[in-house]
Amino acid sequence: MGKLLKPRGIKGELRVSIFNEYSSTLKVGTEIWLKTNEEQYFSWKIEAIKMAGEKSCIKLAGCNTIDDTDRIQGAVFFLPREKFDPIGENEHYLVDIIGSHIWDENQQSLGTVTDILTMPAQNIIVVDTGEKEILIPYVDAHIMLFDEKKKHLIVKDVEGLIN
């Protein structure tokens, strides 16, 4: 869902990078899971949250001092899948694409999606071909079909991105 950045003030608030600011899932009282740099997981409830692009900030219950924020600064945070906003029948979350096999429009195997980069202009899928990584913008010009059941993503017009 996002990453905790540097402290904001001395009362336990943190700047936050939220990967999908348009989601209404993150709100006061929501329990989020943090993953620290030491690969530890623990949960916190949101006490306050302000969505404001690069100036977004969050206050977690029980995080009241700058020392508290120092311990969790840099952690990424998650929500359990059942807490995600409901989506339509033919919609999917970007996280569902990770691990999918990529095929081009000529049924040539390209590799596997290993990550999704969230950029200001568009999302980009990272594909491991076995020999190198390629980046494909996740836009209608390149995405033909995502079969969630088979975990297949079919792309088009990517020759220039591969070579």
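The values are calculated or read from the model by the stated rules, or taken from the named source; none is laboratory data. Note that the coordinates shown come from a computational prediction; the quantities given were computed from them, not determined experimentally. All Cβ positions, even for glycine, are placed from backbone atoms using ideal geometry, and neighbour counts span all protein chains on display.
May I ask you to verify whether GLY99 is in contact (Cβ under 8 Å) with a residue 24 or more places away in the chain and either part of a helix (DSSP H, G or I) or under 20 Å from MET1 (Cβ atoms) (or both)? Against the criterion (in contact (Cβ under 8 Å) with a residue 24 or more places away in the chain and either part of a helix (DSSP H, G or I) or under 20 Å from MET1 (Cβ atoms) (or both)), GLY99 qualifies. In the stretch 28-40, the residue that is farthest from ARG71 (Cα to Cα) out of those that are surrounded by 11 or more Cβ atoms within 10 Å (Cβ to Cβ) and modelled with pLDDT under 85 is LYS35. If you go through the stretch 3-24 and keep only what is within 18 Å of ALA75 (Cβ to Cβ) and modelled with pLDDT under 80, you end up with ILE18, PHE19, ASN20. Filtered by the rule that a residue be exposed (fewer than 13 other Cβ atoms within 10 Å of the Cβ) and not in a loop (DSSP other than H, G, I, E, B), the stretch 148-163 gives GLU159, GLY160.
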